[in-house]
Amino acid sequence: MALAPRLQQYLTRKGIAFEDIALEPMANLDAAVIASGEAQGNILQATLMIDLQGVVMVVHPFDTALDEELMTELTGRRLQPLSSQQADRLFSDCDPGFHPPVGAAYGLTVLVDQDVLTLEHALLSSGTDRSLVRLDRRNLKLALADAHEAHVVIRGAGSQTALSLDDVATQLQKLYRLPPMPALALRILRLTANPEASARELADLIELDPSLTAQILRYARSALFNYPGQIQSVQEAVTRVLGFDRVAHIAMGIASVRAFDVPREGMLGMDQFWRHSLYCAFLCQHLAQRCGCDKSLAYLCGLLHNFGLLLIGHLFPAEFDELNAMREANPEASMRSLEQQVFGGSQQHDMLTVGHGAIGGILHRLWQLPDAVVKAAGVHQQPDYHGDHENYVLMVQLANAMLKEQGIGDEFNPEDSAPLMARLGLDDSDLNRLNQEMDRVSGDLDTLARSLTA
């Protein structure tokens, strides 16, 4: 259980029921809020004010700002905000910046915005960088039972620092020249949206690019498919071996990667990117077959889910080199924590602490890729995800968990696959068969990955 000791003792003593929501270690509360996927109106924050009479904690929704003039009128006190260092000293058992909005646990006077007490449920800091606490309405009222109530916020003003993913997307587009989807990839994407498109039309598009043509033919001829005859053209690869969707998806992936200038070397370089992506796509396709999902869409989700790393490498080469080196030196650390170390110290780059998954999801949305692909990229770093296109997210997460055991991917610390399997309706026998199938084709996947970066 990842709660600050004083908060946990207070909730236990008062008989207040709560849910501990686990997160990867976060650089700050803003990053935790984004990672939670919860509406910011349901997340509480504590603003700490001080005068000669002492400290007052004001509890209000994360998407509101404190009205200091109104505070003065209500209290008759000239309260001033505490500095972050002063606030951290009050919460000595908490991680810096993670202050639970339960002032009674810390002997503080509390003023709560009245609308907080109307929420059906609320999330709040646990005092640690690794979790949030969820309280239903009844238990929230118990936690704030001794607080004074008043309207003390400006509605719609938002937190001074909090960023939603839409905010991140806007800032990325404003500050940086994001790579457009390469023209050939865009033409393939548009072709796949046409239900009347033919194998001939797809082959004609691909054959405009000799390098892409050679890679598709190499893929179709590989032992992955054990086709007994000769494959002489892309159209034959489509009609005899791979099928329209798979050729379109692998071709779109290969063409899309050309938008990025990323070094080949290192655990996060292009060589390992392709190896990870091809393995993940292979596993997602086979998982989809067992789960009754669209196999082609699952393949595309696995293939493109890590594009955020390429975007970071393309936009921030120096920081990417640092991240690459840190990944090799710290195999036990999560990528999320390493990204926060690299980008969290710069205000200009602070938005990137949301993680490469969210950044990739933003890029996929700007490129107008299918919603399931956007979601699988955007939240594949988020544990216990529930929401739209959930099965596709879970398949990517389970595939990555399996690949960690093989030392493939950007995460190397193994995680428990059982909860993911249970949510997908799978058992150990399914996983064993899939591991055996992966072992059978691993050599071919490795060869294919090398060919894509040659």
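The values are calculated or read from the model by the stated rules, or taken from the named source; none is laboratory data. What you see is a predicted model; the values in this text were computed from it and never measured. Neighbour counts run over all protein chains shown; Cβ positions are idealised from the backbone, glycine included.
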Of the candidates 417, 442, 429, 451, the one satisfying the condition of being farther than 24 Å from residue 323 by Cα, of a type in the set (Gly, Ala, Ser) and crowded, with 18+ Cβ neighbours inside 10 Å is 417
Qualifying helices (runs of 4 or more DSSP H) (wholly inside the range 52-148; at least 2 residues being touching a residue at least 40 places away in the same chain (Cβ under 8 Å)): 68-75, 137-143
Output the number of residues of the range 26-67 satisfying the condition of being surrounded by fewer than 17 Cβ atoms within 10 Å (Cβ to Cβ) and more than 30 Å from residue 387 (Cβ to Cβ). 4
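Let's see how each residue does on (1) at pLDDT 80 or above; (2) surrounded by 24 or more Cβ atoms within 10 Å (Cβ to Cβ); (3) part of a helix (DSSP H, G or I); (4) charged (D, E, K, R):
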residue: 345; (1), (2), (3), (4): no, no, no, no
residue: 363; (1), (2), (3), (4): yes, yes, yes, no
residue: 373; (1), (2), (3), (4): yes, yes, yes, no
residue: 377; (1), (2), (3), (4): yes, yes, yes, no
residue: 381; (1), (2), (3), (4): yes, yes, no, no
residue: 392; (1), (2), (3), (4): yes, yes, yes, no
residue: 395; (1), (2), (3), (4): yes, yes, yes, no
The condition of being of a type outside the set (Asp, Glu) and surrounded by fewer than 18 Cβ atoms within 10 Å (Cβ to Cβ) holds, among 142, 124, only for 142
If we keep just the residues of the range 304-343 that are under 14 Å from the mean Cα position of the chain (by Cα) and not in a helix (DSSP H, G or I), which is modelled with the lowest pLDDT? 334
For the range 200-222, give me each residue that is over 34 Å from the mean Cα position of the chain (by Cα) and part of a loop (DSSP other than H, G, I, E, B). 207, 208
Being in contact with a helix residue (DSSP H, G or I) (Cβ under 8 Å, 6 or more places away or on another chain), small (Gly, Ala, Ser) and at pLDDT below 90, is that true of even one residue in the range 201-221? yes
Within the range 381-407, the count of residues that are under 13 Å from residue 281 (Cα atoms) and of a type in the set (Gly, Ala, Ser) comes to 1
